[in-house]
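Okay, structure first, notes after.
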Amino acid sequence: MEATAPPPGDAGLAVSELVVNYGPVRALRGVSLRVPSGSIVAVLGANGAGKTTLLRAISGTLRFHRGAVGGGTITWAGARLSGVPAPAVVARGVTQVPEGRRVFARMTVEENLRAGALGARGGKAAARTREEVLGLFPVLAERARQRAGLLSGGEQQMLAIGRALMARPALLLLDEPTLGLAPLVAARIAETVKEINARGTSVLLIEQNVALALSLASHAYVLAVGEVVLDGPTAELAAGDEVRRRYLGVAGPPGEVPAEATARGRRTLTRWSS
Ligand SMILES: Nc1ncnc2c1ncn2[C@@H]1O[C@H](COP(=O)(O)OP(=O)(O)OP(=O)(O)O)[C@@H](O)[C@H]1O
Ligand SMILES: [Mg+2]
């Protein structure tokens with residue numbers, strides 16, 4: 001997949017020099033990244049790097065975790081998003097699927113989906129969206145009347161994503177959607193992310209499965225201790241095995257190296273300058 005610098009005035013997401021604090025703890029130290037509209041962008045990084053914090057800042061949910069933006073800006077579709085309360089962020093087309101596939105365990109699948117629809121959007125539009133979501137995840141239709149807590153881990157992740165899609169987001173924020181899932185189930189989730197993107201939704205994907213993230217995204221950022229230490233088109237990142245060792249603490253053989261990348265040898269990874 002070829003990644004190019006976003007055109008000026010791109011209507012996607014732009015995070016610039018973002019600083020986030022949890023009281024005295026500085027979790028993000030000036031993070032900048034972009035998600036051009038229509039793209040899938042991945043954020044990689046070890047535990048505690050600040051990946052979830054980044055999504056919380058974008059979705060306006062930091063305050064629920066006693067966190068606060070301490071500097072920088074977040075813009076979405078040309079307008080400022082920093083400081084916008086969570087429900088208004090959803091209304092503006094940005095929805096987060098939290099880590100840990102949190103579903104309402106005692107509610108049915110159907111009720112969980114309904115909870116994801118925007119309050120104002122009733123009737124036909126909601127019904128159509130529901131049909132689309134069930135088309136993406138047929139298992140949710142089969143389990144519509146079951147309690148969400150009885151679903152398997154993979155099914156709960158599908159429900160968490162499906163619930164987020166009920167708000168018809170233009171940008172979906174996914175926090176480690178394949179964590180703890182069997183490889184086949186993870187692959188199924190990955191296929192769905194591709195399909196959601198193909199239908200026009202931009203995706204900011206946090207993933208601990210490096211190979212999966214690099215295969216889905218066009219551009220990836222590596223976070224370490226609250227800072228972007230590396231970013232580039234995923235084809236180039238995938239070719240650099242030292243990326244895994246140095247920044248992700250992953251040992252073992254690198255993924256398949258694209259022939260074209262090998263031919264060019266090791267290159268300086270490009271940055272999207274702001
Ligand atoms: N509610 C909180 N209060 C205080 N510190 C927090 C809070 N949430 C996160 N942190 C700290 O902020 C830093 C970044 O955490 P964050 O959860 O964003 O990392 P992460 O990259 O998502 O990690 P993981 O891979 O474990 O999910 C860590 O040092 C973490 O301990
Ligand atoms: Mg996290």
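The values are calculated or read from the model by the stated rules, or taken from the named source; none is laboratory data. The structure displayed is predicted, hence computed values, not measured ones. Note that each Cβ is placed from the backbone with ideal geometry, even for glycine, and that neighbours are counted across all protein chains shown. Surface areas here come from the heavy atoms of the whole protein model, side chains and all, with no ligands, DNA or RNA. Shrake-Rupley method; radii C 1.70, N 1.55, O 1.52, S 1.80 Å.
Quick notes on this one:
- The HN-Hα couplings worked out from phi for segment 232-241 by the Karplus form 6.51 cos²θ - 1.76 cosθ + 1.60 (θ = phi - 60°) are x, x, 4, 4, 6, 5, 5, 6, x, 5 Hz, whole numbers, x standing for Gly and Pro.
- The value for segment 49-129 of Rg(Cα) / (2.2 N^0.38 Å) is 1.25.
- Residues of segment 13-264: accessible area per residue with a 1.4 Å probe, Å²: 44 Å²
- Measuring how big segment 13-264 is from its alpha-carbon positions, Rg and Dmax come out at 18.0, 56 Å.
- Solvent-accessible area of segment 13-264 (1.4 angstrom probe, protein heavy atoms only): carbon and sulfur portion equals 54 percent.
- Ranking of 194, 51, 124 by solvent-accessible surface, largest first: 124, 194, 51 (1.4 Å probe, protein heavy atoms only, all chains present).
- Phi angles of segment 28-36 translate, via the Karplus equation with coefficients 6.51, -1.76, 1.60 and θ = phi - 60°, into HN-Hα couplings of 10, 10, x, 8, 10, 7, 9, 10, x Hz per residue; Gly and Pro are given as x.
- Close amide H pairs (under 5 Å, H built 1.01 Å from N) link residue 81 with 74, 75, 76, residues at least 5 positions away or on another chain.
- Pairwise FRET efficiency - residue 73 versus residue 152, Cβ, R0 = 45 Å, nearest 0.05: 0.65
- With K and R counted +1 and D and E -1, the other residues having a Cβ less than 10 Å from that of residue 114 yield a net charge of 0.
- Here segment 70-117 is treated as a Stokes sphere of Kirkwood radius computed over C-alpha pairs; at 37 °C and 0.692 mPa s its diffusion coefficient rounds to 254 µm²/s.
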